[in-house]
Amino acid sequence: MSTVAEAKPKWALVVHGGAGVIERKDLKPEQEKAYREAMARVAETGAEVLRKGGSALDAIEASIHLLEDDPLFNAGRGAVFTAEGKNELDSSIMDGSNLKAGAVAGVTTIKHPISLARAVMEKSPHVFLIGEGAETFAQTQDLERVDPSYFFTERRWQSLERELKRQGLPAPARPAGAPQASAGTIDLAHDEDGGRNADLMDLHKKFGTVGVVALDSRGNVAAGTSTGGTTAKRWGRVGDSPIIGAGTYASNTSCAVSATGTGEYFIRLTVAREVCALVEHKGMSLQAAADQVIQKNLTALKGDGGVIAVAPNGEMAWSYNTSGMYRAKIADGQPLTVGIYKDEP
Ligand code: ASP
């Protein structure tokens, strides 16, 4: 006989805010608190949409907006810089009910790239638009545009300067419209402690991508991902986040997945689709499939990062091979769980 605990939740939602070298000793209490609060707020926002009977896509878009607005994360405001000193944003979304998908790469004036990805999916005949073309398409849509300097944060700019120095590359001029550098700039992740924290930020400079997967009360799953990519990226580099099958995938026949980590490995392993394929074709549980791809396949390739996933039966999972991943999950009848480190549930 089924118990309440075993009952399939009507809806479920999982969030990530990036995976990387994140250890207890490295985060100051106020930083840890800020990340935990952000994860909780975002999960609650998505849950509220689902509780009211909203769609998985709406829940994903609403929660990713918050993450794109929050400078703690490498998406929207707070995105990392390219070697040329620009913020080039990538995002994708997929609807598991019909396998429709939308993605954008290298956009520079869209406040919420996840909404542009959704517009590509719903209002264009295409799946993936890049750079200028994506911006031109955006002009035909009712989307908030911003000056590129909106995305500027001191913390990410300093990470860029350090990374370029490390690589022996010249530092670009501060972008037009960016605030003046000031000695008193207070930044949650800035190096008030004599550089130790700056080194830490460099360690996980590649991380902070955001993603949300959701199951709605109609039984549909969906996934969305948004990122600034990797610090000091060059030559129009695009990672896995906007690539359907690599950073994002959703199908009602298996599951919905959003990934974070060094994108090159995730592209080569088609990580998101691979998790779903193991569920669909091998009948694996969601957790076993996510662990297979991250702990075994990704690790064997020496890649780093993680995934979050949800299945139409309400199963939720996460798996990462880094020391931490900012994450949260919540489902109908199940409490909110927020985690950062490996030793948390
Ligand atoms: N996957 C992203 C990329 O490679 C970065 C990240 O998740 O941290 O662009």
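Observations on the structure shown:
- Some residue of the range 25-37 being within 16 Å of the ligand (Cβ to nearest atom), in contact (Cβ under 8 Å) with a residue 12 or more places away in the chain, under 28 Å from Val104 (Cα atoms) and buried (at least 21 other Cβ atoms within 10 Å of the Cβ): yes
- Wholly enclosed helices (runs of 4 or more DSSP H) of the range 66-169 bearing at least 3 residues under 24 Å from Arg273 (Cα atoms) and either without any contact (Cβ under 8 Å) to a residue 60 or more places away in the chain or among the small types (Gly, Ala, Ser) (or both): 113-123
- Single residue of the range 16-37 satisfying the filter (assigned to a loop (DSSP other than H, G, I, E, B) and more than 19 Å from the chain's Cα centre (by Cα)) that is farthest from Leu298 (Cα to Cα): Lys28
- Unmet criterion (only one of (1) closer than 28 Å to Val307 by Cα; (2) modelled with pLDDT under 50; (3) not β-branched (Val, Ile, Thr)) for Ser217: (2)
- Condition met for Ser63 (assigned to a helix (DSSP H, G or I), buried (at least 24 other Cβ atoms within 10 Å of the Cβ) and under 13 Å from the mean Cα position of the chain (by Cα)): yes
- In this entry, Ala40 is excluded by the filter for residues that are among the hydrophobic types (A, V, I, L, M, F, W, C), under 26 Å from Asn252 (Cβ atoms) and out of contact with any Lys or Arg (no Cβ under 9 Å at 6 or more places or on another chain).
- Checking each residue in the range 252-279 for being among the small types (Gly, Ala, Ser) and either more than 24 Å from Tyr326 (Cβ to Cβ) or more than 15 Å from the ligand (Cβ to nearest atom) (or both) picks out Ser254, Ala256, Ala277.
- Residues (aliphatic (A, V, I, L, M) and modelled with pLDDT of 95 or more) located in the range 195-214: Val210, Val212, Val213, Ala214
- Residue that is within 14 Å of the ligand (Cβ to nearest atom), buried (at least 24 other Cβ atoms within 10 Å of the Cβ) and closer than 26 Å to Ala79 by Cα, where the choices are Gly303, Gly245, Gly236, Gly229: Gly229
- Sole residue being in a helix (DSSP H, G or I), of a type in the set (Val, Ile, Thr) and either within 14 Å of the ligand (Cβ to nearest atom) or in contact with a Cys (Cβ under 6 Å, 6 or more places away or on another chain) (or both), chosen from Ile294, Ile308: Ile294
- The test for being in contact with a strand residue (DSSP E or B) (Cβ under 7 Å, 6 or more places away or on another chain), more than 22 Å from Ala178 (Cβ to Cβ) and either within 14 Å of the ligand (Cβ to nearest atom) or modelled with pLDDT of 95 or more (or both) holds for Ala19.
- Counting only residues that are of a type in the set (Val, Ile, Thr) and touching a helix residue (DSSP H, G or I) at 6+ places or on another chain (Cβ under 9 Å), the range 108-155 holds 7 of them.
The values are calculated or read from the model by the stated rules, or taken from the named source; none is laboratory data. All values derive from a computational prediction rather than experimental measurement. Neighbour counts are summed over all protein chains in view; Cβ atoms, including those assigned to glycine, are modelled from backbone coordinates with ideal geometry.
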